[in-house]
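Worksheet: the structure to be examined is printed underneath.
What follows is calculated from the coordinates using simple rules that are stated; it is not laboratory data. Everything numeric in this text was worked out from a predicted model, so none of it was measured. Quick reminder, even Gly has a Cβ in these numbers, built from the backbone with ideal geometry, and neighbours come from all protein chains shown.
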Amino acid sequence: MKKVKQKTLRNKLDKLWRETIKARAGNKCEKCTRSFGKLDCHHIFGKKAHPATRWDLANGVLLCVKCHKFGKGSAHETPKEFMDWIIKVRGIQWYELLLVRANLTQKVDKLQLLEHFQRR
C-alpha cells in the first residue's frame, strides 16, 4: 500500500475507534458522567508510544475536558490518580492484560482491523 493509503486507513480506524468508544460510554464522561460540552476519547496507553493498542477498545475511555485535561485527577494533569481510578473501575486484571498488549511489538493488520470495526 502507498503511504497515502496507509494514512487514509489510519484516519478511518481512528474515527471508527472514537465512534465506538463514544457509543460504548453512552456519550457520557466515564469518570464524572457529564454528558454536555466537549467529550474526548482518551488512550490509556498512548497511541504513539504503544501502537499495538492504538485501536484496542480496552485502551479507550470517554472523558469530558475537565476529566481529560484540566481537572484534579484528570488523565493529563495527574496521570497516577487517573490510572488508580481506572484500575479501580475496570480492575487490575483488565489493566495487566492491556499492559501486555500495549507492549507488543507486532504490527497491526489495519485492513483486517477495519473489517472488524465495520462488522460491529
ask   = Is there any pair linking a residue in the range 6-23 that is farther than 18 Å from LYS38 by Cα to one that is of a type in the set (A, V, I, L, M, F, W, C) and not in a helix (DSSP H, G or I), with Cβ under 7 Å and at least six apart or on different chains, and which?
value = LEU13/TRP55
note = Selection from the range 1-28 of residues under 13 Å from the mean Cα position of the chain (by Cα) and farther than 23 Å from LYS110 by Cα yields ALA25
inquiry  = For the range 13-31, give me the residue count where each residue is farther than 12 Å from VAL61 by Cβ and surrounded by fewer than 15 Cβ atoms within 10 Å (Cβ to Cβ).
reply    = 6
task = Answer yes or no: is there a residue in the range 55-66 that is of a type in the set (Phe, Trp, Tyr) and either touching a Leu at 6+ places or on another chain (Cβ under 6 Å) or at positive phi (or both).
result = yes
request  = Hey, can you tell me all the residues within the range 41-74 that are surrounded by 18 or more Cβ atoms within 10 Å (Cβ to Cβ), in contact with a Cys (Cβ under 9 Å, 6 or more places away or on another chain) and touching a residue at least 12 places away in the same chain (Cβ under 8 Å)?
outcome  = HIS42, GLY60, VAL61, LEU62, LEU63, CYS64, LYS66, CYS67, HIS68
query = Does the range 56-63 contain at least one residue that is over 22 Å from HIS116 (Cα atoms) and not basic (Lys, Arg)?
reply = yes
